[in-house]
Amino acid sequence: IANAKAGDSIKVAPGHFAENISFNGKAIKLSSESGAGKTYIQGAEGAVVIMGPAATLSGFTLTPKKDAKASGVVVVGKNNTISSNVIQDFSQSNNGFGMAVGGEDADAVIQGNIFRMNHCDGKPTSAVIRFKSSTKALIQNNIFVNNTCSAIDMSLQVSGLTFVVNNTIVKKSSWNSR
């Protein structure tokens, strides 16, 4: 990522990677060669991935290190894509902001992901996916299972255009829109 330029695509070989990742504000595409079942990113405290603007994250399993208070993905800016990932086992307290995916004044296409076994403090704005003051988002064809808080929480601008389409929510998850 350090040597990447805007528009570059980076393919990651299968394996387990213990690190937090920042796209450093670069519009790049980071994807696994073999999919989420074979490519794992395990992060420490804070956000495991910080991405955007105009970035793509595809084909990883994201988890925190044991006992870490971490979030999955923080989205910065516009035109981001998060697809075909498994995002699991994250836990936050103190009104956790998008424990699996979150953004403020940001937008994203979030599709084809599995969000499972994520935990938060149960406050009304805590959610697996949370966007605040977003202008647009497309959240489609995701699976939310065994999360202890709302699946989706959106605080939208009046002019925002957000679609939540064909997601499967199983056990203890719901979604809120304000």
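The values are calculated or read from the model by the stated rules, or taken from the named source; none is laboratory data. Bear in mind the structure is a predicted one, so any value in this text is a computation, not a measurement. Ideal geometry is used to build each Cβ from the backbone, glycine not excepted, and the neighbour counts take in all protein chains shown. To get the accessible areas, we keep the full protein, side chains included, count just its heavy atoms, and leave off ligands, DNA and RNA. Shrake-Rupley method; radii C 1.70, N 1.55, O 1.52, S 1.80 Å.
Structural remarks
- Sequence-separation-based contact order of the range 7-138, relative, with Cα cut under 8 Å and 6+ spacing, percent: 19 percent
- Here the dipole of the chain is about 180 debye; that uses its Cα centre as origin and unit charges on the Cβ of Lys and Arg (positive) and Asp and Glu (negative).
- Accessible-area value, ASP67, 1.4 Å probe, nucleic acids and ligands omitted, Å²: 130 Å²
- Along the axis of the charge dipole computed for the chain (Cβ charges of +1 for Lys and Arg, -1 for Asp and Glu, origin at the Cα centre), the listed residues THR63, PHE144, THR168 are led at the positive end by THR168.
- GNM result for the chain, Cα springs below 10 Å: residue of GLY43, GLY35, GLY103 fluctuating most strongly: GLY35
- Among the listed pairs LYS78/LYS171; LYS38/LYS66; LYS11/LYS65; LYS11/LYS66; LYS38/LYS132; LYS5/LYS66, a Cα-Cα separation exceeding 25 Å is found for LYS78/LYS171; LYS11/LYS66; LYS38/LYS132; LYS5/LYS66.
- Rolled with a 1.4 Å probe across the full set of protein chains, the surface gives LYS5 an accessible area near 140 Å².
- Alpha-carbon Debye profile of the chain, log10 I(q)/I(0) at 0.15, 0.19, 0.20 Å⁻¹: -0.76, -1.26, -1.41
- Residues of type aspartates and glutamates that LYS69 reaches as a straight line, Cα spacing below 17 Å, ignoring anything fewer than 8 places off in the same chain: GLU19, GLU45, ASP89, ASP121
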